[in-house]
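All remarks here apply to the structure that follows.
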Amino acid sequence: SSEIIRMLSSKFNEFAKNPDLDIYPETMRKSIDSVNEWIYSTINNGVYKCGFAKSQEAYTEAITNLTESFDRVESILGKQRFIAGDTFTEADIRLFVTLLRFDEVYIVYFKTNTRSVLTSPNILNYCREIYQMDGVAGTVDMEQIKTHYFASHPYMNMYSIIPQGRDFVGLLSEQHNRGELFP
């Protein structure tokens, strides 16, 4: 949640390696809050609305909203370096953790197959940049992520079969050019 991210970003600075890092800067709060609102509703929570829909109508509404927002993110990231502007913020953290799981988990498990990170060049490049930031790659354990999702809901995956997928983490390790596009 944004509240936890903000608390971790400010209340524990005496223990932080980068205590001056401000992921919720005063000058960007309006933009961050605006982006967080629609991204949470239609992407972060949108994947769950798709996956746990109890009717075709609920699924159709959720996947339509998710698809439109995915396209909106792709468009925004073609015009600016980060989702709320030219600075890395909490909005990027919140979006990245969903995008990280999107192709390997959500497309298969939650039926969000109208779009993918792999086929969205701006989103893929953005994910590469964040993944390659100091300290981020070490927090990503795709095997654990997939095992958790595919084994935690027996009624959705009775035998806990974990799809192989692509080497998405390897894809994120490839070079990005966001710094050149948005100096």
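Could you work out the relative contact order of the range 21-120, using alpha carbon pairs under 8 angstrom and six or more residues apart, expressed as a whole percent? Mind showing how you got there, number by number?
Details: 93 pairs, mean separation 34.1, N = 100.
Normalised by residue count, the contact order of the range 21-120 is 34 percent.
Please name whichever of Gly46, Val169, Tyr131 sits farthest to the positive end of the charge dipole of the chain, dipole taken about the Cα centre and charges placed at Cβ: Lys and Arg +1, Asp and Glu -1.
Gly46
Quick check for you: with a 1.4 Å probe and neighbouring chains kept, what is the accessible area per residue of the range 82-146, in Å²? The partial results should precede the final answer.
Values: 2470 Å² over 65 residues.
Using a 1.4 Å probe on heavy atoms only, each residue of the range 82-146 averages 38 Å².
Say a site is exposed when it is one of the trypsin sites (Lys or Arg not before Pro), sits in a DSSP loop, and has at most 14 other Cβ atoms within 10 Å; what is then the longest site-free stretch of the chain? Can you show the working numbers first?
Values: sites that count: Lys11, Lys17, Lys54, Lys79, Arg166.
After excluding every exposed loop site, the longest remaining stretch is 80-165.
For helix 29-39, report the angle its Cα long axis makes with the longest principal axis of the Cα atoms of the chain; keep it between 0 and 90° and round to the nearest 10°.
10
Need one number: nm distance between label points at Ile4 and Thr114, each 7 Å from Cα along Cα→Cβ, rounded to one decimal.
About 2.8 nm separates the two model spin labels.
If amide hydrogens are placed 1.01 Å from N in the peptide plane, which non-local residues have theirs closer than 5 Å to the one on Phe82?
The list, which skips near neighbours in sequence, is Thr87.
Give me the angle, in degrees from 0 to 90, between the Cα long axis of helix 121-131 and the longest principal axis of the Cα atoms of the chain, rounded to the nearest 10.
Approximately 70 degrees, to the nearest 10.
Can you compute the FRET efficiency between Ile161 and Ala137 using 1/(1 + (r/R0)^6), with r the Cβ-Cβ distance and R0 = 35 Å? Round to the nearest 0.05.
0.85
In terms of Cα to Cα distance under 25 Å, which lysines are near enough to Lys49, apart from those fewer than 8 places away along the same chain?
Those lysines meeting the cut-off are Lys111, Lys146.
If I take every Cα pair under 8 Å that is 6 or more residues apart in the range 114-183, average their sequence separation and divide by the length, what percent do I get for the relative contact order? Can you show the working numbers first?
Details: 39 pairs, mean separation 28.7, N = 70.
Result for the range 114-183 is 41 percent.
DSSP loop chymotrypsin sites (Phe, Trp or Tyr not before Pro) in the range 1-99 with at most 10 other Cβ atoms within 10 Å of their Cβ, which ones?
Numbers: sites: Phe12, Phe15, Trp38, Tyr40, Tyr48, Phe52, Tyr59, Phe70, Phe82, Phe88, Phe96; in loops: Phe12, Phe52, Phe88.
Passing sites in the range 1-99 are Phe12.
For the chain, what is the calculated [θ] at 222 nm in deg cm²/dmol (nearest 500), taking -39500 (n - 2.57) for each run of four or more DSSP H residues and dividing by its residue count?
Working: 9 runs with 91 residues, N = 183.
Rounded to the nearest 500, it is -14500 deg cm²/dmol.
What net charge do the residues around Thr60 carry, taking every other residue with its C-beta under 12 Å from that of Thr60, with Lys and Arg at +1 and Asp and Glu at -1? It would help to have the intermediate numbers written out before the result.
Numbers: positive: Lys49, Lys111; negative: Glu57, Glu61.
Around Thr60, the surrounding residues sum to 0.
Using a 1.4 Å probe on the protein heavy atoms, what percent of the accessible area of the chain belongs to carbon and sulfur? Numbers along the way, then the final one.
On the way: 5450 of 10350 Å².
Accessible surface attributable to carbon and sulfur in the chain totals 53 percent.
The values are calculated or read from the model by the stated rules, or taken from the named source; none is laboratory data. These numbers come from a predicted model, not from an experiment. Counting neighbours? That spans all protein chains shown, and the Cβs are built from the backbone with ideal geometry, glycine included. To get the accessible areas, we keep the full protein, side chains included, count just its heavy atoms, and leave off ligands, DNA and RNA. Shrake-Rupley method; radii C 1.70, N 1.55, O 1.52, S 1.80 Å.
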